[in-house]
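Working notes, beginning with the structure itself.
Coordinate-derived values only; no laboratory data. In this text the structure is predicted, and so the values were computed from the model without any measurement. Cβ sites come from the backbone with ideal geometry, for glycine too, and all protein chains shown count toward neighbours.
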2 protein chains.
Amino acid sequence: MIRLFSTMTKKAKAQEFLLKTPKGTKDWADKDMIIRESIFGKLSTIFKKHGGVTIDTPVFELREILTGKYGEDSKLIYNLEDQGGELTSLRYDLTVPFARFVACNNLSSIKRYHIAKVYRRDQPAMTKGRMREFYQCDFDIAGTYDLMVPDSEILNILCEGLNELNIKDYKVKLNHRKILDGIFEACGVPEEDIRKVSSAIDKLDKSPWEAVKKEILEKGQSEEIADKIWTFVQHSGSIREVIEILKKSGIDNATAQQGIQEMEVLADYVEAFGIQDNLRFDLSLARGLDYYTGLIYEAVTAASAPPKNASELKKAKGEDEDASAYVGVGSIAAGGRYDNLVGMFSNNKSIPCVGISFGVERLFSIIKQRTDLSKLNSQHTDVYVMAFGGGEGWNGFLKERMHVTNQLWKAGINAEFLYKAKANTRKQFDGAEKSGAKLAVILGKEEYPEGKIRVKKLGQGEENEGDVIAIDEMVSFVKSQLQVDSITKAIGNL
Amino acid sequence: MIRLFSTMTKKAKAQEFLLKTPKGTKDWADKDMIIRESIFGKLSTIFKKHGGVTIDTPVFELREILTGKYGEDSKLIYNLEDQGGELTSLRYDLTVPFARFVACNNLSSIKRYHIAKVYRRDQPAMTKGRMREFYQCDFDIAGTYDLMVPDSEILNILCEGLNELNIKDYKVKLNHRKILDGIFEACGVPEEDIRKVSSAIDKLDKSPWEAVKKEILEKGQSEEIADKIWTFVQHSGSIREVIEILKKSGIDNATAQQGIQEMEVLADYVEAFGIQDNLRFDLSLARGLDYYTGLIYEAVTAASAPPKNASELKKAKGEDEDASAYVGVGSIAAGGRYDNLVGMFSNNKSIPCVGISFGVERLFSIIKQRTDLSKLNSQHTDVYVMAFGGGEGWNGFLKERMHVTNQLWKAGINAEFLYKAKANTRKQFDGAEKSGAKLAVILGKEEYPEGKIRVKKLGQGEENEGDVIAIDEMVSFVKSQLQVDSITKAIGNL
């Protein structure tokens, strides 16, 4: 290494490349890290409360595991180089690895949560929280259960998570793949075109009907079919309201009927959980992923990405007040039922699954915006150990500071000292301030050899001289002086 | 998805590939996950105690960042496929990304910890805990400080970590790159061959001198040079003992002298921390990585991989008892000083660093072996909500169970119920047992409509009928009945 730097040529080389993280990725540090860890903490507490266990799968999977699961978005999968051996790709979500895990371990049921990074070679939009490497917090229930029971608990967890994170004004948009596919069938879309048309409809939250209609026509459907679809997908409201609309529409398609029945059951259960007011049945919700088979949902909030300009805002505040406030907004959590994914990995049996994925980066942006960052300190130091002295023969008490700090560490107390043999008072106080320590333990040139030590509360001005106590009593005295960790408090208030 | 399965051809296709994780990777779940999370928890508590803050860097870096940092092992780096855009590779360790982070953010000092996965295309040896994807727990101190002060704190953290994890009989082998390089110089190894010879010497913990000597000769050194090297590298003992040996050897090489002086300073500090008995100065320790510039160390324990058979064991128990017990054993933690790595990313300034990396998989194997797995439950459920009834008009109280469970959730209590509309008693008790719940909250067909509920301790036999209480009092009653979480206890005892 040193030799690498002994010539100017090599030295120059170090600057030839850009010093940065890869496109669409970022480092997390400092106060951002505190906020993110608090999000993880709150969500995993909820996941555990609902009986969830956690698992961890490899960051890459055999490429074949991922193939054919993500529809049009499959092109965004990151492949590892073929360096001999197996072909592998970075995971695109946590759902497919979960299904693979359930199949691998031949499980018949599990409630699992998984907090980990996923990878998509998308066009990054950092300000909107769209990254190429990003975290997902997933909770999924696998197992054969009564209709809509786990589904309603998942919706409950979704609402609980957003409430706990203090996200205001969110709405959970719901739809059902069987209803949507039934509508497409009833409108005359051939079976093989259903997913394509569905992915066009999914864009209705960002684009006007005219643009979406154009895409449907481009995808080979007639104008008549497109217009028929529009008579359905413009409807939204409470679950019971939209069920009424669908019934009145006279749609007698068997697939749609089955979906409507399921939604009726769901309406009962979400009332038992008291979450019906957070939900909105929206027939235009389609979700891009191929693997959904039943209920699908997506939580949106106006706060996550407000319309860019006044005219857009005005337009957004149009006829349908409820829905419009969330137009053009990325989802902050999403999921659905996928009953056939595990079966794709295991022909013997199909394990029905339903789950929710929280988008951490988007939640993070909202929470950071409203957090008082000055109250956060990423260091957890409670005590700073110093030595005061000077004059002839003063050696700085470095070994003594090490010894005293070590006593604090052994007692489980978070402590630091300055890494200098002879440390002046100013630098030690600077170090203490930077560390966020609440107490100083001071070794005085005269006091310490007499078996005494000074304990001083920090941030209380010069006049406070602190307490002089026997070294033997230091640990218990320091413990009594330390208040509840202020960082814990700050995190609690996020 | 459904269509994929509608033909036999497609169905057969699902079985064509192996259902597994990629070579050298594994899923973590269940009790293993509890043990691993407890290791992470204990280590991060220690890291925070020493003033550490945590960061998170992307799992892949620009390929150029990793190039030229790992010596012979660079061939083990995983590359991502060139899909257009930047060339990237999975991180090989957490140290180079840390140095890149320090340079990127223009930091002059930081104590950081980082717990994350790293990737090496090595030949996996799962039983020994050598994987292609594995976790590292790193703590590093960056900044310009007095000689050996942060280094000794890092050694203290290393010992504290292993003690806290209750690892018995470990030894921390120490050496100094300046001493090692000075020895090679003094023995006549040309400067350009030093790293090559060094990496041969590093194999002395696994191979006999004859094999290592052969490699040194193959690497172009004379027999005389090799034999001279042997007169040095066979020595080990306490720091002060080996310093004496080196001084008596009359080595007057300037590089070695500087290293010896630093080791003398270190000897004082490790005594101040009281950890000298865990350390062993071993002149054969070389460490493979290119970037080390000063003190290097590696913790080994006989428990991590005992010799395979009796004859090996006998051989290992040879002349040098202390060292022999650890022969052939992979390291459980390792690190060193690397003063030039940050400078490779930033020509303006070089930030000296020193750090330690705990090898989680190897620690995990040791800890799992001695853990009573029957005491661990990966679910955190405290209460199972049931309904008892039957006969005509009995609807199973599903919505009522949902409502009651929701009240518990809202009060922060971990609770579950069976996802069946009409659930029989046996199945509900089975569900409760599987969940590990301590209490059952029972909705009786007659009691519940009267505003009453039954709370029963689980695992106490049929005769225990539980307490009948008013629904309004349920939350406070349940809270008072719940003891300290048994899982927390079990983890505490790992």
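Between A:Lys434 and A:Glu164, what is the label-point separation in nm under the 7 Å Cα-to-beta-carbon projection?
Placing both labels 7 Å beyond Cα along the Cβ direction yields 3.7 nm.
Taking a label point 7 Å from Cα toward Cβ, how far is B:Lys399 from its twins in the other copies, in nm, shortest first?
From this label point to the equivalent ones elsewhere in the assembly: 7.8 nm.
Show me, bin by bin at 5 Å from 0, the whole-percent P(r) of segment A:344-402 based on Cα pairs.
4, 10, 9, 9, 7, 7, 8, 7, 8, 9, 6, 4, 4, 3, 3, 2, 1
Placing the label point 7 Å from Cα along the Cα-to-Cβ direction, what are the distances from A:Gly461 to the equivalent spots in the other copies, shortest first, in nm to one decimal?
Distances between equivalent label points, in nm: 6.9.
Given the convex hull of the Cα atoms of chain A, what is a quarter of its surface area in nm²? Before the final figure, lay out each step's value.
On the way: hull surface 133.9 nm².
Across all orientations, chain A yields a mean hull projection of 33.5 nm².
Arrange A:Glu86, A:Glu210, B:Glu133 by Cβ neighbour counts within 10 Å, fewest through most, would you?
If I rank by nearby Cβ atoms, fewest first, I get A:Glu210, A:Glu86, B:Glu133.
What ranking, highest mean first, results for peptides A:19-32, A:55-68 when packing means the other Cβ atoms within 10 Å averaged over each residue?
Order by mean packing, descending: A:55-68, A:19-32.
On average, how many beta carbons from a partner chain sit within 10 Å of the beta carbon of a residue in B:59-71?
4
Within 10 Å of each residue's Cβ, count the other Cβ atoms and sort A:Lys375, A:Lys49 from fewest upward.
A:Lys375, A:Lys49
Just tell me how shielded A:74-82 is by partners: mean number of partner chain Cβ atoms within 10 Å of each residue's Cβ, no decimals. Write out the running numbers ahead of the final one.
On the way: counts 0, 1, 1, 2, 5, 4, 10, 9, 2.
Mean inter-chain Cβ contacts per residue within 10 Å come to 4.
Quick check: the distance between the Cα centres of segment B:229-303 and segment A:365-416, to the nearest angstrom?
29
Computed from the mean reciprocal separation of all distinct C-alpha pairs, what Kirkwood hydrodynamic radius does segment A:21-171 have, in Å?
With all distinct Cα pairs of segment A:21-171 included, I get 17.3 Å.
Could I have the simple spin-label model distance between B:Glu450 and B:Glu392, label points 7 Å from Cα toward Cβ, reported in nm to one decimal?
2.2
Please compute, over every Cα-Cα pair in the protein assembly as shown, the percentage with a separation greater than 41 angstrom. Could you put the intermediate results ahead of the total?
Numbers: 231420 of 487578 pairs.
Value for the protein assembly as shown (Cα pairs over 41 Å): 47 percent.
Compute the Kirkwood hydrodynamic radius of segment B:345-494, taking the inverse of the mean of 1/r over all pairs of distinct Cα atoms, and give it in Å to one decimal.
It is 18.1 Å.
In bins 5 Å wide, starting from 0, what share of all Cα pairs of segment A:377-456 does each bin hold, as a percent?
Reading upward from the zero bin: 3, 17, 28, 28, 17, 5, 2, 0.
Could you tell me the largest-minus-smallest coordinate of the C-alpha atoms of segment A:12-101 on each of the three principal axes, in descending order and whole angstroms?
Computed over the Cα atoms, the extents are 54, 39, 26 Å.
Considering only the label points, 7 Å along Cα→Cβ from Cα, what distances in nm to one decimal separate B:Thr67 from the same position in each other copy, shortest first?
Label-point separations across copies, in nm and ascending: 3.2.
Given the -39500 (n - 2.57) contribution per DSSP H run of 4+ residues, what per-residue ellipticity at 222 nm results for chain A, rounded to the nearest 500 deg cm²/dmol?
-11500 deg cm²/dmol
Cβ neighbours within 10 Å, averaged per peptide: list A:159-171, B:237-249, B:330-342 in order, most packed at the top.
With the highest mean Cβ count within 10 Å placed first, the list reads B:330-342, A:159-171, B:237-249.
What average number of partner chain Cβ atoms lie no more than 10 Å from the Cβ of the residues making up B:413-419?
5
Net charge near B:Ser108: determine it from the other residues with C-beta under 12 Å of the C-beta of B:Ser108, scoring Lys and Arg +1 and Asp and Glu -1.
The answer is +2.
Obtain the nm distance between the two label points defined at A:Val475 and B:Val468 by a simple spin-label model: each point lies 7 Å from its Cα along the Cα-to-C-beta direction.
Placing both labels 7 Å along Cα→Cβ, they lie 5.4 nm apart.
Pairs A:Lys349/B:Lys479; A:Lys399/B:Lys196; A:Lys69/A:Lys173: which are spaced more than 29 Å apart, C-alpha to C-alpha? Don't skip to the answer; put the middle values down first.
Working: A:Lys349/B:Lys479 40 Å; A:Lys399/B:Lys196 38 Å; A:Lys69/A:Lys173 23 Å.
Those over the limit are A:Lys349/B:Lys479; A:Lys399/B:Lys196.
Let me check I've understood the local charge: for B:Asp151, count other residues with C-beta under 9 angstrom from its C-beta, Lys and Arg +1, Asp and Glu -1. What total comes out?
-1
Using the 2.2 N^0.38 Å rule of thumb for compact globular proteins, work out how segment B:239-296 stacks up: its C-alpha Rg over that value, please.
Working: Rg = 12.0 Å, N = 58, 2.2 N^0.38 = 10.3 Å.
Dividing the Cα Rg of segment B:239-296 by 2.2 N^0.38 Å gives 1.17.
Give the peptides A:75-83, B:390-398 in descending order of average Cβ contacts within 10 Å, highest first.
Taking the mean over residues of other Cβ atoms within 10 Å, the ranking is A:75-83, B:390-398.
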